[in-house]
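Undergrad: Attaching a single structure in structure tokens format; questions to follow.
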């Protein structure tokens, strides 16, 4: 991949899409991870004065906030920190007053509140500024549905949605993303100690290989295809019941 050519293309493409939407700029959530770092760096190139990053800690690891700040300052991007801990705790208390689940299902249920809170915050900022919301999901995550429905996948533009994970790393090196961000294990930050690969049960290398070549061990292929099938609803618009008019 010619990273310079690709980045220049994305910068021009993003400007065109924002103009077509009648918007003035872009806003994104900066998590401290590699995907949002790459999106932020490209957004800054496209809109030097009309891009802003929101840092949205919600019971997050302190290093994630530090890495997000580091990236924003490294690329000289405007940013705001909006603490969501109190809002999360208040909502969770209300929710669990009428239904509470334990175990893995309960942990996922609680974790998914966080990206939906972030989505609400991003769209508040976007609407106030006439900006579009940028997402940071890569091709692998979109294909296997590794996202929270109406959370981190509720955006206006998925700028790196056609890139394999290894291609995201290539862009990160070209864009001079801080090494500490490149080296950290990818995580959705849904709960402490959570990692993408640990939750999915397959590595990004295996996912990239399957998506690009359709190859892998029988066990890995079965797991990936099951994820793709079960997450199909995340890639579709809501179903509409068609009324019989005969």
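Undergrad: Report P(r) for the chain: all Cα-Cα distances, bin width 10 Å, range 0 to the bin holding the largest distance, values in whole percent.
TA: 7, 30, 36, 21, 6, 1, 0
Undergrad: Report the residue, chosen from 36, 97, 147, that carries the largest GNM mean-square fluctuation when the chain is represented by alpha-carbon nodes joined by springs under 10 Å.
TA: 97
Undergrad: Over the alpha-carbon set of the stretch 37-146, work out the extent along each principal axis and list the three values in angstrom, largest first.
TA: 46, 31, 29
Undergrad: Under 10 Å, Cα contacts only: if you run a Gaussian network model on the chain, which one of 69, 94, 179 comes out with the highest mean-square fluctuation?
TA: 94
Undergrad: Any idea how far apart residue 116 and residue 239 come out in nm if each label point goes 7 Å out from Cα toward Cβ?
TA: 2.0 nm
Undergrad: Hey, another quick one. Given the peptides 26-32, 70-76, 192-198, arrange them by the average over their residues of other C-beta atoms within 10 Å, most packed first.
TA: 26-32, 70-76, 192-198
Undergrad: Also: Using per-residue counts of other Cβ atoms within 10 Å, averaged over each peptide, order 219-232, 160-173, 133-146 from highest down.
TA: 133-146, 160-173, 219-232
Undergrad: Quick one: Debye curve from the alpha-carbon atoms of the stretch 151-246 only, equal weights, vacuum; give me log10 I(q)/I(0) at q = 0.14, 0.17 Å⁻¹ to two decimals.
TA: Log10 of I(q)/I(0), two decimals: -0.71, -1.00.
Undergrad: Viscosity 0.890 mPa s, temperature 25 °C: give me the Stokes-Einstein translational D for the stretch 72-206 in µm²/s, with Rh taken as the Kirkwood radius over C-alpha pairs.
TA: For these conditions, the coefficient is 146 µm²/s.
Undergrad: Just grab the label-to-label distance for residue 226 and residue 169, each label 7 Å out from Cα along the Cβ direction, in nm (one decimal).
TA: It is 2.6 nm.
Undergrad: Roughly what would the spin-label model give for residue 179 and residue 86, points 7 Å off Cα along C-beta, in nm?
TA: 4.0 nm
Undergrad: Here is a follow-up. Between the stretch 133-195 and the stretch 200-227, what's the alpha-carbon centroid distance in Å?
TA: 17 Å
A short reminder: the numbers here are calculations on the coordinates, not readings from a lab. Only a predicted model underlies this, so the values are computations on that prediction, with no experimental measurement involved. Positions of Cβ are backbone-derived with ideal geometry, glycine not excepted, and every protein chain shown enters the neighbour counts.
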